1. What number of residues within the stretch 127-162 satisfy the criterion of being more than 15 Å from residue 105 (Cβ to Cβ) and either within 15 Å of the chain's Cα centre (by Cα) or in contact (Cβ under 8 Å) with a residue 24 or more places away in the chain (or both)?
2. What are the pairs with Cβ atoms under 7 angstrom where one residue, in the stretch 94-113, is closer than 11 Å to residue 152 by Cβ and the other, located anywhere, is more than 8 Å from the ligand (Cβ to nearest atom) and acidic (Asp, Glu)? Sequence gap at least six, or different chains.
3. Considering the stretch 111-120 alone, what residues qualify as being in contact with a Ser or Thr (Cβ under 8 Å, 6 or more places away or on another chain) and either within 19 Å of residue 33 (Cβ to Cβ) or more than 7 Å from the ligand (Cβ to nearest atom) (or both)?
4. Collect the residues in the stretch 111-120 that are assigned to a helix (DSSP H, G or I) and closer than 18 Å to residue 207 by Cβ, keeping them in residue-number order.
5. With 13, 51, 46 as the choices, which residue is farther than 30 Å from residue 160 by Cβ and assigned to a loop (DSSP other than H, G, I, E, B)?
6. Select from the stretch 121-142 the residues that are near the ligand (Cβ under 10 Å from one of its atoms), hydroxyl-bearing (Ser, Thr, Tyr) and in contact with a His (Cβ under 9 Å, 6 or more places away or on another chain) and list them in ascending order.
7. For residue 20, which of the numbered conditions (1) closer than 25 Å to residue 209 by Cβ; (2) surrounded by fewer than 18 Cβ atoms within 10 Å (Cβ to Cβ); (3) not charged (D, E, K, R) fails to hold?
Amino acid sequence: MDNELFLESEREYMVETQLLPRRIRDGLVLQVMRTVPRHLFVPPEYRHLAYTDGPLPIGFGQTISQPYIVALMSQLLELKGQERLLEVGTGSGYQAAVLGYLAGEVHTIERFPELARQAEQTLAELGLENVSVHIGDGTAGLLEFAPYQGIIVTAAAPHVPQALLDQLADGGRLVIPVGERGSQFLERWRRRGDDFDVEEVIPVAFVPLVGQFGWRD
Ligand code: SAH
């Protein structure tokens with residue numbers, strides 16, 4: 001079997017063993033998880049583990065999220081294809097790539113310039129021209145392109161930053177892990193005019209969101 005076919009079957013196995021049994025049902029999300037080459041977002045020394053059921057180190061004490069969590073957060077955004085999205089916490093760029101195939105336009109912001117540059121390069125190799133990588137503190141959102149129909153935060157916040165709620169479009173969804181440094185609940189917020197609904201989804205453990213309206217360094 002050639003390498004491409006092997007990787008494709010690894011992704012299919014990932015979908016069947018990690019996503020389908022855990023109620024990832026959105027057909028488009030499943031299709032994108034079957035296609036995005038996660039191994040390209042993982043450092044060479046971990047590449048053989050790219051399709052396994054967990055997070056992996058990407059340098060600077062940060063991690064690329066578990067495939068299931070990427071799929072779940074994508075599904076929670078309820079995307080139809082035309083949305084403008086903000087991701088806080090680019091990391092490897094993998095989640096941004098998945099969103100790039102599911103939405104119209106993705107802005108992703110990362111506080112470590114080296115990670116941002118590496119992610120930008122990987123996204124360019126995939127030809128994902130609708131994903132823009134920004135460097136900065138995403139706890140203040142990214143006012144320049146607001147409002148967003150969806151916002152996803154891939155680092156753990158002590159509380160929901162007000163700027164992210166302000167930058168959410170009417171009807172928009174915000175998916176964010178909120179809680180202590182070691183353990184959080186994934187929350188989905190939905191804006192209705194000036195009101196917000198919030199649901200707790202599952203317990204999770206993300207690296208901390210560090211910034212002005214997050215955790216202190
Ligand atoms: N979505 C990433 C997962 C990244 S881990 C992926 O698919 O690989 C979380 C990332 O959030 C880390 O890279 C960390 O540096 C970044 N981060 C933490 N606080 C941040 C902040 N205030 N603004 C922007 N990025 C932040």
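Every read-out reported here was derived from the displayed coordinates using simple, explicitly stated rules and does not represent laboratory data. Nothing here was measured: the structure is a model prediction, and the numbers come from that model. As a convention, Cβ positions derive from the backbone with ideal geometry for all residues, glycine included, and neighbour counts pool all protein chains shown.
1. 17
2. What qualifies is 103/83.
3. 116, 118, 119
4. Residues satisfying the conditions are 113, 114, 115, 116, 118, 119.
5. When all the criteria are applied, what remains is 51.
6. Those that are near the ligand (Cβ under 10 Å from one of its atoms), hydroxyl-bearing (Ser, Thr, Tyr) and in contact with a His (Cβ under 9 Å, 6 or more places away or on another chain): none in the stretch 121-142.
7. (1)
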